């Protein structure tokens, strides 16, 4: 705030610009959030927080950064998915509103043929934990969540006795599955291998997978797109007196 004999000027955060800073590479991005005031000048208040968030997987080093010389920073490691976004927001004026900016990374930045292994878990749908899994964002999805993100959903009916647990899943977004015989997850390391595995079993593909057993391997075609996953069942936990049953699996995601 500047006070003078004839006027008073109030400055406050008003706008954010997101920049991919020097030193970034294909997987790791140094993100600078430039904060401007209501006059378009650099806003430099060390107590001003900037809140970062990501869409589409990955991780950030600083969910909250503080303005220094007009800039708040975080480091962004891309996840595996076709859309990679980071957002930043700061409170405007009296703090009752916020201004938000989104930055989209080059969608080909994260190699499509990556064979990185991910861990997944679906719980009994009748229990308190997430009964579904999102294969693209590598996270669990709850009953009330967006069905478009649910690639694997446990089929245990809600309200069944606690000892009941269906060793099966279905998709709610068009993802198809086919069982692969005589193979291991480690046999698949490229997009073409995963796609060919699906093409050879496409006639057997279904949204529903029944009677899952440990060491079973499946290929998935994701959400009616040219994206694939290879899934291997690692462990099955069945409990007698509660709904904390689950199916644990490891998988590789392949996006061209």
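The values are calculated or read from the model by the stated rules, or taken from the named source; none is laboratory data. The structure presented is a predicted model; accordingly, all values stated were derived computationally and were not measured. Glycine also receives a Cβ, built like all others from the backbone with ideal geometry; neighbour counts cover every protein chain displayed.
In the range 52-61, the qualifying residues are those that are surrounded by fewer than 16 Cβ atoms within 10 Å (Cβ to Cβ) and not in a loop (DSSP other than H, G, I, E, B), and the one that is nearest to the chain's Cα centre (by Cα) is 55. Restricting attention to the range 154-169, the residues being assigned to a strand (DSSP E or B) and more than 19 Å from residue 230 (Cβ to Cβ) number 1. Candidates in the range 184-222 are the residues that are touching a helix residue (DSSP H, G or I) at 6+ places or on another chain (Cβ under 8 Å) and not in a strand (DSSP E or B); of these, the one that is surrounded by the fewest Cβ atoms within 10 Å (Cβ to Cβ) is 187.
Residues checked against (1) without any contact (Cβ under 8 Å) to a residue 12 or more places away in the chain; (2) under 20 Å from residue 155 (Cβ atoms); (3) out of contact with any strand residue (DSSP E or B) (no Cβ under 9 Å at 6 or more places or on another chain):
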site: 183; (1), (2), (3): no, no, no
site: 189; (1), (2), (3): no, no, no
site: 207; (1), (2), (3): no, yes, no
site: 222; (1), (2), (3): no, yes, no
site: 231; (1), (2), (3): no, yes, no
site: 240; (1), (2), (3): no, yes, yes
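Does the range 30-51 contain any residue that is surrounded by 15 or more Cβ atoms within 10 Å (Cβ to Cβ), under 21 Å from residue 137 (Cα atoms), in contact with a strand residue (DSSP E or B) (Cβ under 9 Å, 6 or more places away or on another chain) and at pLDDT below 85? For the range 30-51, residues surrounded by 15 or more Cβ atoms within 10 Å (Cβ to Cβ), under 21 Å from residue 137 (Cα atoms), in contact with a strand residue (DSSP E or B) (Cβ under 9 Å, 6 or more places away or on another chain) and at pLDDT below 85: absent.
Filter the range 81-91 down to the residues that are modelled with pLDDT of 70 or more and either over 16 Å from residue 37 (Cβ atoms) or crowded, with 17+ Cβ neighbours inside 10 Å (or both) and list them by number. Correct list: 85, 86, 87, 88, 89, 90.
So is residue 140 outside any loop (DSSP other than H, G, I, E, B), free of Cβ contacts under 8 Å to residues at least 40 places away in the same chain and under 21 Å from residue 244 (Cα atoms) or not? Against the criterion (outside any loop (DSSP other than H, G, I, E, B), free of Cβ contacts under 8 Å to residues at least 40 places away in the same chain and under 21 Å from residue 244 (Cα atoms)), residue 140 qualifies. Only residues that are in contact (Cβ under 8 Å) with a residue 40 or more places away in the chain and either over 24 Å from residue 137 (Cα atoms) or surrounded by 15 or more Cβ atoms within 10 Å (Cβ to Cβ) (or both) were counted across the range 68-78, and they come to 6. The residue that is modelled with the lowest pLDDT, counting only those in the range 229-256 that are outside any strand (DSSP E or B) and surrounded by fewer than 16 Cβ atoms within 10 Å (Cβ to Cβ), is 256. Might you check whether a residue that is closer than 24 Å to residue 153 by Cβ, at pLDDT 90 or above, out of contact with any helix residue (DSSP H, G or I) (no Cβ under 7 Å at 6 or more places or on another chain) and surrounded by 16 or more Cβ atoms within 10 Å (Cβ to Cβ) occurs anywhere in the range 109-120? Within the range 109-120 (the criterion being closer than 24 Å to residue 153 by Cβ, at pLDDT 90 or above, out of contact with any helix residue (DSSP H, G or I) (no Cβ under 7 Å at 6 or more places or on another chain) and surrounded by 16 or more Cβ atoms within 10 Å (Cβ to Cβ)), the answer is yes, since at least one residue qualifies. Report yes if residue 147 is out of contact with any helix residue (DSSP H, G or I) (no Cβ under 9 Å at 6 or more places or on another chain) and at pLDDT below 95, otherwise no. When the stated conditions are applied, residue 147 does not pass them.
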